[in-house]
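Values quoted throughout were computed directly from the atomic coordinates according to the rules given, and no laboratory measurement underlies them. These figures come from a predicted structure and were not determined experimentally. So basically every Cβ, Gly included, is an ideal-geometry build from the backbone, and we count neighbours across all protein chains shown.
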Amino acid sequence: MKRVVVGLSGGVDSSVAAYLLKEQGYEVIGLFMKNWHDDSVTISKECPWLDDSNDAMLVAEKLGIPFQTVDLSEEYKERIVDYMFNEYEKGRTPNPDVLCNREIKFDVFMKIALSLGADYVATGHYCRKSETKVNGEPVYQLLSGKDQNKDQSYFLCQLSQEQLSKTLFPIGELQKSEVRKIAAEQDLVTAEKKDSQGLCFIGKVRLPEFLQQKLQPKEGAIVEIDASEEIYQNETPSFSNKIEELEFLSSKYQYDPKDGKIVGKHQGAHYFTKGQRKGLAVGGTPEPLFVIETSVEDNVIYTGQGKDHPGIYRRALLISPEETHWVRPDLKIENGEEMKVQARIRYRQPLQEATLHQTEKGLYVVFEKPQASITEGQFVAWHLDDELIGSGVIS
């Protein structure tokens, strides 16, 4: 009987994952990760960890499996929270959920599980794992979840072969509706529970307040750039080589406050991210204002009217060599090579046609169609059909 440690989060997905594994004849142990203590920054009604750990315990009791809580708040603070502050300070927008999976669930947590004699770790993610052989050696594949609306492979885009080899995703073949149905049939307390939103495990955090603990507010200007500005009218130059073209396609517009007009004030450029519409508190424009660029150096936020503003769109992005990750190292492309893939730059986005170009400088991802709000610090993940084969941090 193989032993599996399930990360019971107190939600319906991990509850059903534990139930299915038990049905399949595994010896199942439930572990709840406590990753946060500081109640001052959560909206406590929205998902306090106490309720979650209680629900996880009730599920374990109902399933008749051993249960315990592990406190990982120190590692979480060090690897996720401090990293987030660091990134925001640099004017980048991190993705804590992707990091939480790489650094906490499938690293710190996995090591604890293996020390308990586990053969596998299981989670309630909507994705699937498969196995293929390359040169006679087993290679693990990370596949999209069957429920297209819930597919969470994006959040696992930084996993390694070793981590995948020890992981199970019991609900990956199911639709969310089926998961809820199983939970109701088994009379699990989480059957009707709403999906948690907000930072991985912290619950719903008020991000500006959370950031303000570390990053001091600093008043600056909100500048509106008109869509007819000269900067957007430039003809595409001719290129003497591929690298020049890639650099051009992935480069950002460079703004100066003189390019537009001041339409308001903000409390710190590091609190804002590209594509953001809420929180600007500037009214009176025919179309809503969107953030098109932030400058933490000058503490200026650049905005444009309407979601079709040309400043929002770009066709390519670059990933630096140290931030490029291949889930399938055997498929990695070498310098000068390219590969057609489908890629996404955020969780809910439908996959987009794209081409990868490996260069000395890093990996360029060039999309067929311009993409809205390509944001530094976020992850881009690329697929071949329904297999996620690699990812990287947008630089």
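Some notes on this structure:
- Alpha-carbon spread of the stretch 88-168, three principal axes, descending order, Å: 46, 33, 26
- Basic side chains Lys and Arg get +1 at the Cβ, acidic Asp and Glu get -1 at the Cβ, and with that the dipole of the chain about its Cα centre reaches some 740 debye.
- Each residue, GLU287 and MET1, gets one label point 7 Å from its Cα in the Cβ direction; the gap between the two is 6.2 nm.
- Gaussian network model of the chain, Cα within-10 Å springs - most flexible of ARG92, ARG128, ARG277: ARG277
- Whole-angstrom gap from the stretch 294-367 to the stretch 8-38, using each part's C-alpha centre: 35 Å
- Potential extension, LYS176-ILE262 segment - 0.36 nm per residue separation minus Cα distance: 26.3 nm
- The spacing between the stretch 115-135 and the stretch 54-113, judged by their C-alpha centroids, is 18 Å.
- The charge dipole of the stretch 251-395, taken about its Cα centre with unit charges on the Cβ atoms of Lys, Arg (+1), Asp and Glu (-1) only, comes to about 720 debye.
- Here the sum of -39500 (n - 2.57) over DSSP H runs of 4 or more residues, divided by the residues of the chain, equals -5500 deg cm²/dmol at 222 nm, to the nearest 500.
- Count Lys and Arg as plus one, Asp and Glu as minus one, and take only other residues whose Cβ is under 13 Å from that of ASP71; the net charge is then 0.
- Ellipsoid fit via the Cα gyration tensor, the chain: semi-axes of 39, 27, 17 Å, each the root of five times an eigenvalue, largest first.
- Normalised Debye scattering of the stretch 313-393 at q = 0.18, 0.20, 0.26, 0.27 Å⁻¹ gives log10 I(q)/I(0) of -0.66, -0.83, -1.51, -1.65, counting only Cα atoms as equal scatterers and leaving out solvent.
- Coordinate range along principal axes, alpha carbons of the stretch 351-395, Å, largest first: 26, 25, 18
- Note on GLU297 and PHE239: the extension gain reaches 17.8 nm, defined as 0.36 nm multiplied by sequence separation minus the Cα-Cα distance.
- Full extension of the segment from GLU89 to ASP51, taken as 0.36 nm per residue of separation minus the current Cα-Cα distance, would add 10.4 nm.
- For the stretch 3-212, the calculated P(r), taken from all Cα-Cα distances in 5 Å bins from zero up to the bin holding the longest distance, is 1, 7, 15, 19, 21, 17, 11, 5, 2, 1, 0 percent.
- Per the Debye formula on identical point scatterers at the alpha carbon atoms of the stretch 89-132, with no solvent, log10 I(q)/I(0) at q = 0.20 Å⁻¹ is -0.78.
- Percent of beta bridges antiparallel (DSSP, the chain, rounded to nearest 5): 75 percent
- Stokes-Einstein D for the stretch 1-122, Kirkwood Rh over Cα pairs, 25 °C, 0.890 mPa s (µm²/s): 161 µm²/s
- Under 18 Å from the Cα of LYS274 - lysines, other chains or at least 8 residues apart: LYS90, LYS252, LYS265, LYS307
- Pairs from the list LYS133/LYS332; LYS129/LYS166; LYS22/LYS62; LYS2/LYS181 with a Cα-Cα gap above 19 Å: LYS2/LYS181.
- Distance histogram in 10 Å bins (all Cα pairs of the stretch 241-340, percent per bin): 12, 36, 25, 19, 8, 0
- Comparing the stretch 169-301 with the 2.2 N^0.38 Å rule of thumb, its C-alpha radius of gyration ratio is 1.59 (two decimals).
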